[in-house]
1. For the pairs Lys227/Lys306; Lys113/Lys227; Lys283/Lys306, flag any whose C-alpha to C-alpha distance is greater than 19 Å.
2. Which three extents, in whole angstrom, do the alpha-carbon atoms of the range 288-361 cover along their principal axes, largest first?
3. Sum up the charges of everything whose Cβ sits under 14 Å from the Cβ of Arg34, counting Lys and Arg as +1 and Asp and Glu as -1, but leave Arg34 out.
4. Report the FRET efficiency, 1/(1 + (r/R0)^6), for Arg260 and Arg55, where r is their Cβ-Cβ distance and R0 is 41 Å, rounded to 0.05.
5. Helix-only estimate, please: 222 nm mean residue ellipticity of the chain, summing -39500 (n - 2.57) across DSSP H runs of length 4 or more and dividing by its residues, to the nearest 500.
6. Which aspartates and glutamates does Lys201 reach when only Cα atoms under 13 Å apart count, and residues fewer than 8 places away in its own chain are ignored?
7. Among all the aspartates and glutamates, which ones have a C-alpha under 13 Å from Lys297's C-alpha, if same-chain residues fewer than 8 places away are not counted?
8. Work out from phi, with θ = phi - 60° and the Karplus expression 6.51 cos²θ - 1.76 cosθ + 1.60, the ³J(HN,Hα) of each residue of the range 142-156, listed in order in whole Hz, and give x for Gly and Pro.
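Values quoted throughout were computed directly from the atomic coordinates according to the rules given, and no laboratory measurement underlies them. Not measured: the values here are computed from a predicted model. Cβ placement follows ideal geometry from the backbone for every residue including glycine, while neighbour counts extend to all protein chains displayed.
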Amino acid sequence: MSTQQINIRIETDLAAALDRVAREESLDRATTIRRLLERSIREWELEHAVLGVQRGDLALGRAAEESGLSMWELLDAVRVAGVAHPLAGEEARERLERLAGVKVATLPDIAPKPGAVLLVGINPAPVSVTAGHYYQGRLGRRLWRRLEGLGLLRDVTPGAEDNAFAAAGHGLTDLVKRPTTSADTLAEEELQSGVETLRGKIRAWRPGLVLFAFRAPAERLIGSGVKPGRCGEVEGATAFLLSGPYAPAEETARVDRELRDLLGDMASAPLGASTRTQRVTGKDLERGQIRLPRDAKRFFPSGKAKVEIVIRGSRALASYDPRTGPDRERSAVLHIGKDALSRLVTENEVLVVRRGKGGVPQLE
C-alpha cells in the first residue's frame, strides 16, 4: 500500500496529550497519530452520512455504503440522532414498480469459468445500469482498483472493468438483480428469494471462490457473524468477504494478503491437476491419518486448519497440518479419524489428490 509523508506543526499541549495517549496504548507516536486520524475520519464519515440522510441527500443504503457501516449500525446512529427516514421520490417509484410487477433494466450475470472467481454484490446501482457495466459508482471504481492490484484483472479500460474481469475467466452477479438507489428499499422476500437463486447459480457455475464485495450478501448466505477474510464455503466453493471501503488500513492489508495467498493457492492447483498421497501404512490407519508429499500441499491451506475434503466420494471434515517446521519441511498430515479412514482406505493404498468442484480437495 502506498503512503505519503505529511508534516504538520501542533501546539505543545496537543503534543503532550498525544504522547500521553501513546503511553497508555503502548504505541509509538506515529502509530498513535494514524489510529486517531483513522478514528476521526470514521466518525466524520458517520456524521456526514447521518447528516446526508437528515437532509434527504442520501438514501440509507448509500449512506451505509459510504460510511462503511452495516445497515443496522447506520439505522441505530440515525435513531440516536433523532432523524426520521423519509421515503424519497425515487424510492417511492421503485417500490411502486415492484408492486406493479414492472420489469426494469438491470445488469446481466457474467458466469465464471469453473474454478474461477465469482464476485457477488448486493444489487446493481442505477449509475452502473446506465453505464452498462458493474460497479461504476465512486466506491465501485475503488473496488475495481483494489481487485486490479490483487491481480484479478489487467489491461483495464476505465468504465468497462468488468470486461477485463470476465476476460480473466471470472464472473459477476448480485444477491438481487433489481437496481435501486438504496439497498434498503429491497424487500425481505426479494432478499430471501435472492439467496436461493444465488445458491443455484453457484451450484451451476462451480466457481472456485465466491468473493463477496459487501457484507450484506455474505451475511445472508453464511451468517450474521461473518468477518472479512476467508469465511467458510457456499455450495462447495470457498467463500471470502472483502473488508469495507473504510476499514482500518491494517485490516485491509491483512485481508488483501489473505486473499492474495488464496488466489495463489488456486492458481497453483488448477481444476483437474492431480498428484498422489504417500502410501497409507498400518500405522497411518491406526492414527487415522493420510500423509501428503510436498507437491500435494498446494491443494490445502498454508497453515494448520480444519478443511472439508471428499474422500472416495464421501465428504469429511479433516484436520490439516502442513508441518513446515523451523528445521525442515516434512510431509503434511491430513487427520480424518481412525474409524472413517479404515472404512474408506486399505493398507498400502496410494490415493490420487486433486482440486475438485468448488476448490474442495478430492482423494480417490
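1. Numbers: Lys227/Lys306 17 Å; Lys113/Lys227 27 Å; Lys283/Lys306 22 Å.
Violating the 19 Å Cα-Cα cut-off are Lys113/Lys227; Lys283/Lys306.
2. Principal extents (Cα only, largest first): 35, 29, 19 Å.
3. Details: positive: Arg29, Arg35, Arg39, Arg42; negative: Glu25, Asp28, Glu38, Glu250, Glu251.
Here the count lands on -1.
4. On the way: r = 40 Å, r/R0 = 0.99.
After rounding, the FRET efficiency stands at 0.50.
5. Calculated mean residue ellipticity at 222 nm is -13000 deg cm²/dmol.
6. Correct list for Lys201: Asp109, Asp174, Glu235.
7. Asp265, Asp321, Glu329
8. So the J values, rounded to whole Hz, are 5, 4, 4, 4, 5, 5, 5, x, 8, x, 7, 8, 8, 6, 7.
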